[in-house]
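Here's the structure, in structure tokens; my notes come after.
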Amino acid sequence: MTQELPALGISCDFIDGTDPKSWECLLRPTTRVIYVESMTNPLLGVVDLPAVVHFARAHDLLSMIDNTFATPVNFRPLEMGFDLSIHSGTKYLNGHDDIAAGCVIGRGEQVERIRHRLNHLGGSLDPHACFLLNRGLMTLALRVRQQNSNALRLARFLGGHSAVKRVIYPGLENHPQHTRAKELFQGYGGVLAFEARGGEEETSALLGRLKIAVVAPSLGGVHTLVGLNPSYEVRLADAGVVFSGLGPGGEVRIIELTEPPFFVATLFVPRPQVVDGGPHPIYAGLTEAVRKRRQRSDAVEQDRRARAPRERRQRGERADRERQTAHRYASLSQDRDRARAGVSARRSTFPFGVRGSSSTR
């Protein structure tokens, strides 16, 4: 917004989403749009969204919202009165980290105007990417509800851990906008952030000990991703605003969660560590279901290895039978061809008229 829009002749001012009274002083005669996020990235603030809709209607503005972090499962902006809802289809909607896409949702005439401009600019999603996006939408509700549950569970665990300075997640009661988020959203999403004690060095060491999570960007997929933002600071130079969210320890952002008990167990403890000859106490938190699943997986792998020689022998025997069958069919075909050739030769030795009428006989 600060780098690309000015080249198109579009300027913008930045507002404090939690202070609606301060918005009116930024209005200009050329103001056309108010644009917000359902949850801000990366500090997960929750804007006063009903106030945004009211302000837009009062001043004849188009209200737009980026609803990527909340998803339509947790929040549906058009039902509140927003004009346009924008999503990065790459994230939750697709949910499998294998396409790059986006979408705009709104009234038909508005979306048609956007589509017309998009056609002129040349942007389009290829058919296979559309297929993958549609596949992701089929499981969107199931995935998001599980991500809501997993993220809240992990946020509460981190909030009580001695190695964590603070946790940022709208689902926690100590979040500044928790009450608002509870009123607006049906869930709080799969993204959370926390600040580890010990500074950047300890935070980096923490990430190096992870066994399940991958240090990578993006969000909304089925993989657990972690991102490090040391001394995170969002600078909006044109607006003269600086939002400082984190101290020198740095932020660790966790995006999507799989198997939360095991992920928690590998978060702060190197996996092989033992205490007094036994497993580290934190591993006691692993659920019995996870243990049994691992046992089943090991049993399946052992069975597969045991079957492999027998299956190879059976494949060899099957191939031999097929070769023998093919050879027999080839021999029979040759015999049939030779027999037909012999019959034709014998028939050709009889002169015409030998088999005359009965009167001839």
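Rule-based calculations on the coordinates, nothing more; no lab input. It should be emphasised that the depicted structure is a prediction, and the values quoted were computed from it without experimental measurement. Every residue, glycine as well, gets a Cβ built from its backbone with ideal geometry; the counts of neighbours run over all protein chains shown.
Place the peptides 87-93, 214-220, 328-334 in order of packing, highest mean first, counting for every residue the other Cβ atoms within 10 Å and averaging per peptide.
So the order, starting with the most tightly packed, is 87-93, 214-220, 328-334.
Using 0.36 nm per residue, how much length does the chain from Gln334 to Arg312 gain when fully extended, once their Cα-Cα distance is taken away?
Full extension from Gln334 to Arg312 adds 4.6 nm.
Please enumerate, by chain and number, the aspartates and glutamates with C-alpha under 18 Å from the C-alpha of Lys211, excluding those fewer than 8 residues away in the same chain.
Glu202, Glu256, Glu259
Work out how much length Arg296 to Asn174 would gain on full extension: take 0.36 nm times their residue separation and subtract the Cα-Cα distance, in nm to one decimal. Display every interim value, and only then the final one.
Values: separation 122, 0.36 × 122 = 43.92 nm, distance 4.04 nm.
Length gained between Arg296 and Asn174: 39.9 nm.
Mind pulling up the Rg/Rh value for region 287-334? Radius of gyration and Kirkwood radius, both on Cα.
Rounded to two decimals, Rg/Rh equals 1.48.
Below 14 angstrom from the Cβ of Val111, what's the summed charge of the other residues (Lys, Arg +1; Asp, Glu -1)?
Working: positive: Arg107, Arg113, Arg115, Arg117; negative: Asp83, Glu109, Glu112.
It works out to a net charge of +1.
Of the listed peptides 150-157, 11-18, what is their order by residue-averaged count of other C-beta atoms within 10 Å, with the highest listed first?
Numbers: 150-157: 19.8, 11-18: 15.8.
Highest to lowest by the protection proxy: 150-157, 11-18.
Rounded to two decimal places and with Rh computed the Kirkwood way over Cα pairs, what is Rg over Rh for region 25-82?
0.98
Let me check the size of region 26-150 from its C-alpha atoms; what are the radius of gyration and Dmax in Å?
Answer for region 26-150, Rg first and Dmax second: 15.7, 46 Å.
Across region 188-205, in residue order, what do the Karplus-derived ³J(HN,Hα) couplings come to in whole Hz, using 6.51 cos²θ - 1.76 cosθ + 1.60 with θ = phi - 60° and x for Gly and Pro?
Once rounded to whole Hz, the list reads 10, x, x, 10, 9, 9, 8, 10, 8, 6, x, x, 5, 4, 5, 5, 5, 5.
Taking +1 at the Cβ of each Lys and Arg and -1 at the Cβ of each Asp and Glu, which of Thr90, Phe131, Gly102 sits farthest along the dipole of region 5-138 towards its positive end, judged by Cα position relative to the Cα centre?
Phe131
Suppose we keep just the DSSP beta bridges with both residues in region 5-138; what percent of those would be antiparallel, to 5?
Restricted to region 5-138, the bridges split so that about 40 percent are antiparallel.
Counting other C-beta atoms within 10 Å, which of Met64, Met80, Met39 has the fewest, and how do the rest follow?
Listed from fewest to most nearby Cβ atoms, that is Met80, Met64, Met39.
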